Amino acid sequence: MRVVVLTGAGISAESGLATFRGAGGLWEGHAVEDVATPEAFARDPALVHRFYDMRRPRAKSAQPNAVHRALARLREVHDLTLVTQNVDDLHDRGGANDVIHMHGRLDGALCAGCGHRWPAPESLAGLLCPARGAKEARPDIVWFGEMPYEMDRILAALEACDVFAAIGTSGQVYPAAGFGRIAAQAGAHTVELNLDRSAISRDFHEHRIGPATETVPAWVEELSARA
Ligand code: APR
């Protein structure tokens, strides 16, 4: 069975990482346009670096939870394309390989000048690009207004899958928020696993409400029994 899974901040919440739009969410402390757009970086790179430098050690000290481990197991029994909006590496450390980080990743640095990528140190502020020496190091994060990574591969997987699941995402940000409708129109069975209804619930045939660490392992067990 061909399965595509999209994850959002809700699956890292139970590892202690703040979501974006819940109470105490990341955006509450910051206006998106001040820390997560190319214009913000051009205007005040130090503020943008501080925002991501603050998140990097928190993500590094967080531990994968039952959701990350269950999804890693799912790949052992089905043809799984795992796409995450999250910029932490909890899927990778939870045993999944070939994770598509469509919004980039906190542990990556990117040179805004030449496109060189390298592992991010604790702080990127004032860092020189190790390839060409330009002072243009930025977080390897896809900001609002930029094209998410690997969209061709994601769309091809959505068009061909039998099952699409959106897990722990509010469905507020496109193109990820449109994946359920694309998969349903291509004939896939779509399931949403979330604490509550979301902005995209209408796009899903099935809903499993509850904490992802409870709903996802049960869902993976059921899917695995159909292998
Ligand atoms: N189990 C399941 N779902 C949960 C849990 C949980 N324990 N905790 C929270 N959720 C759900 C919330 O109900 C909400 O629908 O996770 C979702 C979190 O929504 P957001 O904070 O908006 O995160 P996300 O959907 O990943 O945001 C998408 O927006 O700000 C941009 O680039 C950023 O990748 C991010 C994108």
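Nothing in this text is a laboratory measurement; each read-out follows from the coordinates by a stated rule. Values in this document were obtained by computation on a predicted structure and should not be read as measured data. Positions of Cβ are backbone-derived with ideal geometry, glycine not excepted, and every protein chain shown enters the neighbour counts.
Our Cα-only numbers for the stretch 10-89 put the radius of gyration and Dmax at 15.3, 48 Å.
In summary, no helical segment of the chain meets the span-like criteria, namely a full DSSP H run, a Cα extent along the axis of 20 angstrom or more and a mean Kyte-Doolittle hydropathy of at least 1.6. With the highest mean first, a sort of the peptides 14-26, 82-94 on other beta-carbon atoms found within 10 angstrom per residue produces 82-94, 14-26. Under a 5 Å amide H cut-off, with hydrogens placed 1.01 Å from N, residue 140 pairs with 105, 108, 109, 110 among residues at least 5 apart or on other chains. Entry note, the chain: relative contact order of 23 percent, from Cα contacts under 8 Å with a spacing of 6+ residues.
Tell me the Kirkwood hydrodynamic radius of the stretch 122-189 in angstroms, computed as one over the mean inverse distance between distinct C-alpha pairs. With all distinct Cα pairs of the stretch 122-189 included, I get 14.7 Å.
Quick one: Kirkwood hydrodynamic radius for the stretch 139-227, alpha-carbon pairs, angstrom, one decimal? For the stretch 139-227, the Kirkwood estimate is 14.0 Å. Rg over Rh for the stretch 46-154 works out to 1.01, using Cα positions for both radii and the Kirkwood form for Rh. Helix content alone sets the calculated 222 nm mean residue ellipticity of the chain: runs of n ≥ 4 DSSP H residues at -39500 (n - 2.57) each, divided across all residues, give -10000 deg cm²/dmol. Translational diffusion coefficient of the chain (Stokes-Einstein, Kirkwood radius from Cα pairs, 25 °C, 0.890 mPa s): 136 µm²/s.
A simple spin-label model places the labels of residue 226 and residue 186 1.7 nm from each other, with each point 7 Å out along Cα-to-Cβ. Based on the Kirkwood radius over alpha-carbon pairs, what is the Stokes-Einstein translational diffusion coefficient of the stretch 6-53 at 25 °C with 0.890 mPa s viscosity, in µm²/s? Translational D for this selection: 211 µm²/s.
Sorted fewest first by neighbouring Cβ atoms within 10 angstrom, 124, 158, 6 come out as 124, 158, 6.
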